[in-house]
Structure formats: C-alpha cells, structure tokens
1. Taking the condition touching a Ser or Thr at 6+ places or on another chain (Cβ under 8 Å), buried (at least 16 other Cβ atoms within 10 Å of the Cβ) and not small (Gly, Ala, Ser), does PHE49 pass?
2. Kindly establish whether SER337 is modelled with pLDDT of 50 or more and closer than 30 Å to VAL40 by Cα.
3. Checking the structure you have, find out if any residue of region 94-116 is closer than 29 Å to SER38 by Cβ and at pLDDT 90 or above.
4. Just give me the residues in region 181-193 being in a helix (DSSP H, G or I) and either in contact with a Gly (Cβ under 9 Å, 6 or more places away or on another chain) or surrounded by fewer than 20 Cβ atoms within 10 Å (Cβ to Cβ) (or both), in sequence order.
5. Let me spell it out: the conditions are (1) outside the structural domain of MET300 (by TED's automatic domain parsing); (2) farther than 14 Å from ILE154 by Cα; (3) within 16 Å of the chain's Cα centre (by Cα), and LYS178 meets all of them except one. Which number is the exception?
6. Would you mind telling me which numbered condition in (1) among the polar types (S, T, N, Q); (2) surrounded by fewer than 22 Cβ atoms within 10 Å (Cβ to Cβ); (3) more than 19 Å from ILE260 (Cβ to Cβ) ASN295 fails?
7. Restricting region 1-43 to residues that are under 22 Å from TRP186 (Cα atoms) and either at pLDDT 95 or above or among the β-branched types (Val, Ile, Thr) (or both), which is surrounded by the fewest Cβ atoms within 10 Å (Cβ to Cβ)?
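The values are calculated or read from the model by the stated rules, or taken from the named source; none is laboratory data. Quick caveat: nothing in here was measured; it's all calculated off a predicted structure. So basically every Cβ, Gly included, is an ideal-geometry build from the backbone, and we count neighbours across all protein chains shown.
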Amino acid sequence: MACSTGSSGTPSTCVQWMWNSNKNPFAKSLIVEWIVYSDVENIIIEEAFASNKTHAMLDDYHIDFHCNLQILNTDGKKQRPVKRVIRDKDDYSAREDRFAFVPIDPKRPFTGTYGWISPFIKETVKFLNITPQQLPSKDNRIISVLVEMAAQGIVEEGKLLGKQIEGEKIAELLLKKKEADMHTVWERCAYIYSLTSFVYMKLNETMRLIGSAGHEHIWRSKIGTLGPFSLLLWDSPSNYNSVKPKTILYRGAQLTEETISFFKDDCLQSRRPNRSFPAFTSCSRNREVAEAYGNTLFIMEIQHAFTVDLQPFSQFPDEEEELLSPGVCFTVDFVESDERKNRHWIFLKLKQMHTLNVLSGKDAQEISIALPKSNEPRELKVMMNDGELLAILLDLMSKGLTHPSSNTAFASCFRTGMEGDWKF
C-alpha cells in the first residue's frame, strides 16, 4: 500500500479496510485482532465507498457501509465489524507471502537449466501461434488481442478458485489499458502482479511445477488461462531491466533440514551445478524486508540476470521489489548455519545462462553460454578446432540460429538473438 500515485498511473491511497477476526467479534474487548483485506478486495470496497454505494460485493462476503459490517453472502447472520483506516505511509509491514519462499516439493527446491526462456513462456507462444516478430514488444497490433485473452483467462481462473468478483476487477484494471502501447500495458501488468491477489499466487504455483514429471499436465493445463498474462509480464520493455551487476537481492524462506541439505550438497561438488528458478521470483533489495520471515535467507549476487524493478509500479514501494524472470540460473556459493538459532544463510550467484546440448560424434556435450542482459542480437565467439566447431554450429543452426558466414565449417562465430531464441 502506498500513499503516492505510482508511475503506472493507477491511483494509490492510504486507505485500508479491515475486519474484526476475534472469535466473538461483538464482545467488548480491549484487544481486537484486525485483519486487512487483500489489495484487490480493498480496491473493490473503497471504490464502492467512494461512489456512495450502500454496500460492496466480494466473493464470499458483502460490506454494509451503513452498519460497518462484513456479512457472509450465504448466511446473513454471520457478521463481523469492519473499519476504514487512513494509514500513514510509514505505518507498513512487508508482505510475508511475497518474499518468503516455501517449496511445493521439499525434495525439489529448484530445477535444472532450460535456457533463458521458461517452458511456460515457450508453450504459451506455441499456443498463441505467434512468431518472434509478433511479440507484443515488437508488434503493437497483437497487444489488444493479448490483453483481452489475458483478462479472460484471469476471470476463468478466478471462477475456478471461487474468486470471480476479484478476477473481474483485475480484468477490468487490465482492459482499461487495452488500446495502449506496450510500455503502458506492461506497467499495468507489473502493477497487477504487485497486488496481493490470486493472480501472482496461482501463476507462481503453476510455474514452480515445471520440471516435475508428475505435475507436467497441471502447468500445461494453465497455458490457455495464465499464459497470455505471463507473456505480457515477461516481455518487458528493455529499459525496465535496470539491475546492475554486483547488486545484492534477498529472499526469505522457511526450509526444512532436508531441503537445506540440497543446497549444501551443491557446495560440496567440485564443479557447482547450474540451477534455475522456474517461476517469476520476487526478491527485495532491502535485507530487512526479506530477513523478517522464515528460518533461511537467500543472499543473491547478480552477475548477469534478467530482472525488473517493480518498485515504481507497486502499491508497496518500501518493499523495494525486484522481480527475477523465470529461468534465471544460479549456483550455490556457500551455506552458513546457526543450528542453535535454527537460522541459515544461502549465498547464490545469479547468472543468465543458455544451455545447449551439443552432439560431437558419439559423445554428447553440454556447454553453457553466459549472456549479457540485452535481448538484442549479438555475436558469441567459439574457440576450438574445426571439427568440434562444425558440430556445434550445425546443432545451433538446426535450432534456428542464423550464421553470419557462408562457410560454416571454418567460421569462428555465430549470431543469436530473440528470433533464434524461440526455436530452441
């Protein structure tokens, strides 16, 4: 929640609605536990209040402004007091679910590498049947279509979760920018993602299943509904990729000893394996924000990674949120623990990698290429003997990369960019 208007153009406010969560909400008690409504619910309630409506309708409850009550939609006798609070900007606490990571599968806290484009994004592009040159950042004609599809998908997911009204409000926020350029649409998507709602929760829950054979059908089933929004969020204009090398990011976590052991095992290997985050991952540039939750703190040093600064578009600028793009790779540098206090610190190095499976004779090799942050085409030098180079170049070209030389057997560089990327 912020008290100033963000550059997304969406009015922010210091108003926060809360409901009384005491076991007996009408008992006279000196101590009342007030629970805040979600960001989207707060928007719905405040808009209705500002429009002088008698009530605001939520998915499970409605708010009676005359009596200041929350009333269960299916049972009018179940009521709780509500209140409207105007908060100072500094009267704020970070959102635990935003920066505290709990693995869906403790035995699989990370995935292997699959290039710098998430399988979820790749499959969304296939589902939409678009070419690299038709990405919304390159072709304005497709933006309105994608916005409509994203809005429809959000509503459908909302219905499945019993959050239809919330989904319709989020879709409304997105559709207001339907005819805008990609910069404006992306800013609205960043704003929506920054809100506490089912959208970012469900999207990340889905994408974190990538790499788990037993759950592949689940994440693939969400491509039609969540894919368009994820593509709009992923295809951010390049000028928003602002983080610099050596920047330190933080993320808290509640991890079991079993899960922590996976990170410790990586440290024991002479050649540290490359891992990756399969989903959009919220981090903070403020250590105190992330350190407040869980028993583990990830301390991540950026070397080269696709990230975006969400602070200018967020309702919560004090969180200093930096969003890691899905597919960002890392190696575990080292792990420190204080067993007595059950506190752990896991140090990671983030480096955007593209992994290629290169066939050379009967032996399969795997090489990793460290990429600069820009998505623009670039030349990469390969220094090895002609036979090895030929095998690599042929494999690369079979995946759709273009080659600047007419003689592939003796050329010493190849060109890769967004167009080739989509064919891996």
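1. Working: touching a Ser or Thr at 6+ places or on another chain (Cβ under 8 Å): no; buried (at least 16 other Cβ atoms within 10 Å of the Cβ): yes; not small (Gly, Ala, Ser): yes.
So PHE49 fails the test.
2. On the way: modelled with pLDDT of 50 or more: yes; closer than 30 Å to VAL40 by Cα: no.
Taking the combined requirement at face value, the residue does not satisfy it.
3. The answer is no, given that none of the residues of region 94-116 is closer than 29 Å to SER38 by Cβ and at pLDDT 90 or above.
4. Hits for region 181-193 are HIS183, THR184, GLU187, ARG188, TYR191.
5. Result: LYS178 passes all but (3).
6. With (1) among the polar types (S, T, N, Q); (2) surrounded by fewer than 22 Cβ atoms within 10 Å (Cβ to Cβ); (3) more than 19 Å from ILE260 (Cβ to Cβ) applied to ASN295, the lone miss is (3).
7. THR5
Matching residues to (1) among the charged types (D, E, K, R); (2) assigned to a helix (DSSP H, G or I); (3) buried (at least 16 other Cβ atoms within 10 Å of the Cβ):
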site	(1), (2), (3)
ILE143	no, yes, yes
GLU148	yes, yes, no
GLY162	no, no, no
ILE165	no, yes, yes
GLU179	yes, no, no
THR196	no, no, yes
THR206	no, yes, yes
